[in-house]
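*Asks:* Structure in structure tokens, see below.
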Amino acid sequence: MTWSMYRQFIETVALEAGALLRERVHSCHTVEYKGEINLVTEADRLSEALIVERIRSAFPDHDILAEESPETAQGSCFRWVIDPLDGTTNYAHGLPIFCVSIALEVEGVIRLGAVCNPMLAELFVAEEGKGAFLNGRRLAVSRTAELSRGLLATGFPYDIREDRNNNMNYFRALALHAQAIRRTGAAALDMAYVAAGRFDGFWELKIMPWDTAAGWLLITEAGGKVTDFRDAPYQLRSPHILASNGAIHGEMAAILAATDPLDTR
């Protein structure tokens, strides 16, 4: 299969899963809890089942890492990384801010990524070395050069009530330096928005591979920068992520580094 065919496949499946979520968003949802505030709905599972079925039908030997299912590891150099519904809490409450995120990793490198925002009919797609696009239009990160003029995004971990390392300290520190901070509740969408220049920067703790795989490629292909909190190269298993347009990255990294990780004032 050619790369153009892989790209067409990921676009088609992301749109199909997004349509499923859009059709069900205002339904009465079955909600289960994986933790105190970490929930999953029937829509998460239906979306994941759809995506996994499409992948297994087309590429039965490929590995799959998805949020709601055990990882399949057959030793393939191809691995699909899937978040079938990022923004589940929003979705369960009928708040129309959520997305589908699908990435294709080949020999440890993210080669393709797609984030579908079905409520706005937006499909963000990136291909390694070919750029990032929104509905076919090439994307570029913002040109904001100063953190004081920057609009940032973040999220809070599901164990915010139990663990002091919960991002409240970093939020406070960056809020005093940025123009504003938003918390949408969908990390993959936040990262797509950095790629599109809507946000200038994003950071989050205790992030999972399926949250970041597609967004990571979108941002780098749009000209931005993605690292860990120490400004070291980001990896899918990195516990924290810092992403930006590149111009304000150093300022953000310096503030994170200077903030006491256990300061809970």
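The values are calculated or read from the model by the stated rules, or taken from the named source; none is laboratory data. Source: prediction; values computed, not measured. Note that we place each Cβ from the backbone using ideal geometry, even for glycine, and neighbour counts take in every protein chain shown. For accessibility, only protein heavy atoms count, side chains too; no ligands or nucleic acids. Shrake-Rupley method; radii C 1.70, N 1.55, O 1.52, S 1.80 Å.
*Asks:* Go through the stretch 142-172 and report how many residues are more than 27 Å from P84 (Cβ to Cβ) and surrounded by 15 or more Cβ atoms within 10 Å (Cβ to Cβ).
*Replies:* 9
*Asks:* So, one more: Residue by residue through the stretch 56-76, note down the ones that are open to solvent by less than 60 Å² (accessible area, probe 1.4 Å) and either under 15 Å from V109 (Cα atoms) or in a loop (DSSP other than H, G, I, E, B) (or both).
*Replies:* F59, H62, D63, I64, L65, E67, E68, S69, S76
*Asks:* Let me ask something else about it. Considering only the stretch 35-55, state which residues are in contact (Cβ under 8 Å) with a residue 60 or more places away in the chain and either open to solvent by less than 40 Å² (accessible area, probe 1.4 Å) or of a type in the set (A, V, I, L, M, F, W, C) (or both).
*Replies:* G35, I37, N38
*Asks:* Turning to a different aspect of this structure: Determine whether the stretch 91-106 contains at least one residue that is surrounded by 15 or more Cβ atoms within 10 Å (Cβ to Cβ), of a type in the set (S, T, Y) and within 16 Å of F9 (Cα to Cα).
*Replies:* So far as the stretch 91-106 goes, yes, one or more of its residues are surrounded by 15 or more Cβ atoms within 10 Å (Cβ to Cβ), of a type in the set (S, T, Y) and within 16 Å of F9 (Cα to Cα).
Results for (1) in contact with a strand residue (DSSP E or B) (Cβ under 9 Å, 6 or more places away or on another chain); (2) more than 30 Å from Y6 (Cα to Cα); (3) of a type outside the set (S, T, N, Q), shown as yes or no for each residue.
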residue	(1), (2), (3)
I110	yes, no, yes
N117	yes, no, no
S142	yes, no, no
N165	yes, yes, no
A178	yes, yes, yes
L189	yes, no, yes
M208	yes, no, yes
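*Asks:* Let me ask another. Got a sec? Which of A195, A247, A178 is farther than 24 Å from L123 by Cα and either open to solvent by 30 Å² or more (accessible area, probe 1.4 Å) or under 12 Å from the mean Cα position of the chain (by Cα) (or both)?
*Replies:* Numbers: A195 fails: farther than 24 Å from L123 by Cα; A178 fails: either open to solvent by 30 Å² or more (accessible area, probe 1.4 Å) or under 12 Å from the mean Cα position of the chain (by Cα) (or both).
Being farther than 24 Å from L123 by Cα and either open to solvent by 30 Å² or more (accessible area, probe 1.4 Å) or under 12 Å from the mean Cα position of the chain (by Cα) (or both) holds for just one of A195, A247, A178, which is A247.
*Asks:* So which strands (runs of 3 or more DSSP E) stay within the stretch 155-265 end to end and still have 2 or more residues that are of a type in the set (V, I, T)?
*Replies:* 225-227
*Asks:* Identify all residues within the stretch 201-213 that are of a type in the set (D, E, K, R) and open to solvent by less than 10 Å² (accessible area, probe 1.4 Å); write none if there are none.
*Replies:* Those that are of a type in the set (D, E, K, R) and open to solvent by less than 10 Å² (accessible area, probe 1.4 Å): none in the stretch 201-213.
*Asks:* Same structure, new question: So the check is Cβ under 6 Å with 6+ separation or different chains; which pairs have a first residue in the stretch 95-122 that's closer than 18 Å to T212 by Cβ and a second one that's open to solvent by 60 Å² or more (accessible area, probe 1.4 Å) and basic (K, R)?
*Replies:* Pairs found: L104/R111.
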